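Peer 1: Sharing a structure here in structure tokens format.
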Amino acid sequence: MKILVLNSGSSSVKFQVIETDLERMNAHQDETLATGQVEKIGLSDSRLVLEVPGRSTCQDYREILEHRAAIDWVLRALTDSDHGVLGTVDEVDAVGHRVVHGGEQFASSVLMTPEVVEQIEQCTVLAPLHNPANLRGYYAAHNVLPHVPHVAVFDTAYHQTMPAHAFLYGIPFQFYTRHHLRRYGFHGTSHRFVSFRASQILGWQRDESRYITCHLGNGCSVAAIDHGRSIDTSMGFTPLEGLLMGTRCGDMDPAIVPWLMAMEELTLHQINTMLNKHSGLYGVSGVSSDMRELLRARSEGNVRADAAFRMFCYRITKYIGAYAAAMGGVDAIIFTGGIGENSPEVRERSLETLGIMGIHLDRERNAALLGGEGEITTDGSPVKALVIPTNEEKVIARDVVRVLNGIMPTFDPPETLGSS
Ligand code: ADP
């Protein structure tokens, strides 16, 4: 079946058309027919990019003021007789929507009935920037494609199996019961996919293995996948917690926030922007949030770029150590995301001191693996390390198939604390 996958942000809509079904999924033969995006929604020079494998990229510019017009434009491009990949919109069999926050209500992907949409609306309080944009994309797509199933795939869902001792914060319990204030974790589709794929590659049973998955892109998170279930992950209530990221600070002493607000007379908005947009690799190095530029600056002797690189890798090392301890051991480490897939330097540095845990890097394999899939540890290494390209759109398309076939795996949260 042909599935339109939509990732709707506040000013952009990324899309893919993916042909897949149960047979193709099992054979790992899903086919991406087209990818693209509409950028700068709300401005007069909105841009649509459409890429079809084997053809040259198409671009178009026009004024697009809201998501409905953006989705119309996407469908017109996809059915265009010269550049499109669909005869008519009727060829779209289903739509998969990336939804950032599913709160405690959603532990797996789900068909978007009116009740489900209402519940996603309720989760907006937890993700005020993301969920409304995701829903705008849904309403726009549902308007044009009202008769096909729409499925929501949540960034948070896979981590709903975290036990309370991993998801609670050490603040008064009433904030959890009153506001659902707890750790949720993100990048769940990616962590789920690469751990699943690792089992396929290694020929292991996922429910018999312990993985630590490192999703390193602009946003970065590590997850502990114990016998197929996420038991901890480094992002928390928001995607700000955990690793150092492109522009986000990751873990830090929370007392810094009021202290700095007082010292610098910052508003809530300013401190929020500083922690999310001006920190991380960019804030420490003063060079860039882009790992490629950071590595270049570092090789030219830039001391702050070197410090940012070291901090980035050191935190990955610490999380791997912590999660191995949490699971009583680890069988494989998996790297994914733009940095995880493409930076042998980051992988080498992060694993450098982990020989004590039985992780023995094969430097040549590691250096040779750029953007592909494979092992980077020596043949005899007791713990494996792998690189597996993630593809969140593919996971969304596959979840659409699973939901429609009634085979979406559900991972029940291990315990409830009576918050909902
Ligand atoms: P997003 O989280 O936005 O999906 P990506 O997964 O695309 O991000 O990852 C973006 C990051 O990947 C950037 O920091 C970029 O510098 C990094 N990256 C891409 N290619 C390379 C490379 N060859 N070497 C090092 N880093 C790379």
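Peer 1: Assuming 0.36 nm per residue, please report the length gained on full extension of the stretch Gln122 to His83 beyond their Cα-Cα distance.
Peer 2: 10.1 nm
Peer 1: Evaluate the charge dipole of the stretch 49-115 about its Cα centre and quote only its size in Debye, nearest 20, assuming +1 on the Cβ of each Lys and Arg and -1 on the Cβ of each Asp and Glu.
Peer 2: On the way: 5 positive and 12 negative charges, 32 e Å.
So the magnitude is around 160 debye.
Peer 1: I want the local charge near Ser46. Using Cβ-Cβ distances under 11 Å, sum +1 for each Lys or Arg and -1 for each Asp or Glu among the other residues.
Peer 2: Net charge in that neighbourhood comes out at -2.
Peer 1: Let me ask another. Could you work out the relative contact order of the stretch 86-173? I mean the mean sequence separation of Cα pairs under 8 Å and 6+ apart, divided by the number of residues, in percent.
Peer 2: The normalised contact order for the stretch 86-173 reaches 47 percent.
Peer 1: Per the Kirkwood formula on distinct C-alpha pairs, the Rh of the stretch 69-221 is how many angstrom?
Peer 2: 17.8
Peer 1: Counting pairs of alpha carbon atoms under 8 Å apart in space and at least six apart in sequence, what relative contact order in percent does the chain give?
Peer 2: Relative contact order for the chain comes out at 15 percent.
Peer 1: Would you be so kind as to identify all helices of the chain, as entire DSSP H runs, whose Cα atoms reach 27 Å or more along the helix's own axis and whose mean Kyte-Doolittle hydropathy is at least -0.5?
Peer 2: Those that clear 27 Å and a mean of -0.5 are 303-327.
Peer 1: Here's something else I'd like to know. Return the FRET efficiency for the residue pair Glu265, Val49: r is the Cβ-Cβ distance, R0 is 51 Å, and the value is rounded to the nearest 0.05.
Peer 2: FRET efficiency, Glu265 to Val49: 0.75.
Peer 1: What is the magnitude of the charge dipole of the stretch 299-381 about its Cα centre, with +1 placed on the Cβ of each Lys and Arg, -1 on the Cβ of each Asp and Glu, and no other charges, expressed in debye to the nearest 20?
Peer 2: 420
Peer 1: Could I have the simple spin-label model distance between Ala325 and Glu23, label points 7 Å from Cα toward Cβ, reported in nm to one decimal?
Peer 2: If labels sit at Ala325 and Glu23, their model points lie 5.1 nm apart.
Peer 1: Report the full-extension gain for the segment Arg62 to Lys40: residue separation times 0.36 nm, less the Cα-Cα distance, to one decimal in nm.
Peer 2: Taking 0.36 nm per residue and subtracting the Cα distance, the gain is 6.9 nm.
Peer 1: Leaving out same-chain residues fewer than 8 places away, which lysines sit with a Cα under 20 Å from that of Lys318?
Peer 2: Output for Lys318: Lys384.
Peer 1: Still on this structure: Go through Val151, Ala140, His227 and say which Cα lies farthest out towards the positive end of the charge dipole of the stretch 138-248; charges sit on Cβ, +1 for Lys and Arg, -1 for Asp and Glu.
Peer 2: So the residue furthest toward the plus end is Ala140.
Peer 1: Rank-order 8-14, 145-151, 334-340 by packing density, defined as the average count of other C-beta atoms within 10 Å over each peptide's residues, highest first.
Peer 2: 334-340, 8-14, 145-151
Peer 1: Something else: Note the full-extension length gain between Ala367 and Tyr139 as 0.36 nm times their separation in residues minus their Cα-Cα distance, in nm to one decimal.
Peer 2: So the extension gain works out to 77.5 nm.
Peer 1: Suppose every Lys and Arg Cβ carries +1 and every Asp and Glu Cβ carries -1, with no other charges. What dipole size does the chain come out with about its Cα centre, to the nearest 20 debye?
Peer 2: Dipole magnitude for the chain comes out near 720 debye.
Peer 1: Report the percentage of all Cα-Cα pairs in the chain whose separation exceeds 35 Å, rounded to a whole percent.
Peer 2: The answer is 29 percent, as a whole percent.
Each reported figure results from applying straightforward, stated rules to the coordinates on display, with no laboratory input. Given the structure is predicted, the values throughout are model-derived calculations rather than measurements. For neighbour counting, all protein chains shown are included, and Cβ atoms are generated from backbone atoms with ideal geometry for every residue, glycine included.
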